[in-house]
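Let me begin by presenting the structure, written as C-alpha cells, before commenting on it.
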Amino acid sequence: MSASIDEAATVDGAGPWRRFYGIIFPMLKPVTMTAIVINFVNCWNDFIYPLYFITHSDKWGTILQLFQFIGAFRSQYELLFAGAMTIVLPTIIVYLLGQKYIISGMTSGAIKG
C-alpha cells in the first residue's frame with residue numbers, strides 16, 4: 001500500500017481506526033481470506049498432534065475417528081469413504097466461500113497500471 005493513500009485519508013479527516021477499517025483492511029481482504037482458508041484446512045486435517053496429545057478416543061476429531069475404521073485384518077471401506085466425505089465437504093465449503101477473495105488477490109498483483 002502506498003503512503004499516499006494513507007496521507008489522503010488523513011487529509012480528509014480520517015482517524016487511525018477509520019483509516020484501518022475503512023481503507024487498509026478492505027485492501028487486505030484477499031490476504032486475510034487466504035490465511036483463514038489455509039489455517040482452516042490445516043487445523044481441520046490435523047492428524048499427528050491430536051494423535052499424540054489426546055489419549056481418550058471419545059475426544060478425537062473426525063480424522064482420528066476415521067482412522068479407527070482401518071483394521072489389521074479387515075477394513076470397513078464403506079464407513080471409511082463416508083467419513084472421508086464428511087471430512088472433505090467442510091473444506092470445500094470454506095474454500096468456495098473464500099474463493100472470490102483468493103482469486104481477486106492473485107489477480108490484483110498481476111495487473112499493472
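Quick notes on this structure:
- Search result, residues across the stretch 41-60 that are assigned to a helix (DSSP H, G or I) and either acidic (Asp, Glu) or within 26 Å of Ile103 (Cβ to Cβ) (or both): Val41, Asn42, Cys43, Trp44, Asp58
- Criterion: over 16 Å from the mean Cα position of the chain (by Cα), at pLDDT 80 or above and among the basic types (Lys, Arg) - qualifying residue of Lys59, Lys112, Lys29: Lys59
- Here the condition is being in a loop (DSSP other than H, G, I, E, B) and of a type in the set (Val, Ile, Thr); of Ile63, Ile70, Ile38, it holds for Ile70 alone.
- Condition check for Phe67: surrounded by 13 or more Cβ atoms within 10 Å (Cβ to Cβ) and either out of contact with any Asp or Glu (no Cβ under 6 Å at 6 or more places or on another chain) or of a type in the set (Phe, Trp, Tyr) (or both): yes
- Pair list, Cβ < 7 Å and 6+ apart or interchain, from the stretch 41-67 residues that are without any contact (Cβ under 8 Å) to a residue 12 or more places away in the chain to residues that are assigned to a helix (DSSP H, G or I) and surrounded by 10 or more Cβ atoms within 10 Å (Cβ to Cβ): Trp60/Pro50
- Any hit, the stretch 73-84, residues being part of a helix (DSSP H, G or I) and within 22 Å of the chain's Cα centre (by Cα): yes
- In the stretch 1-26, residue surrounded by the fewest Cβ atoms within 10 Å (Cβ to Cβ) [restricted to those that are small (Gly, Ala, Ser) and at pLDDT 80 or above]: Gly13
- Of all residue pairs spaced 6 or more apart or on separate chains, those with beta-carbon atoms under 7 Å, a first member in the stretch 4-27 that is part of a helix (DSSP H, G or I) and a second member that is surrounded by 13 or more Cβ atoms within 10 Å (Cβ to Cβ) and of a type in the set (Gly, Ala, Ser) are Arg19/Ala9; Gly22/Ala14; Ile23/Ala9.
- Subset of the stretch 87-109 that is surrounded by fewer than 12 Cβ atoms within 10 Å (Cβ to Cβ) and modelled with pLDDT of 85 or more - its residue that is nearest to Met33 (Cα to Cα): Leu96
The values are calculated or read from the model by the stated rules, or taken from the named source; none is laboratory data. Note that the coordinates shown come from a computational prediction; the quantities given were computed from them, not determined experimentally. We place every Cβ from the backbone using ideal geometry, glycine too, and count neighbours over all the protein chains shown.
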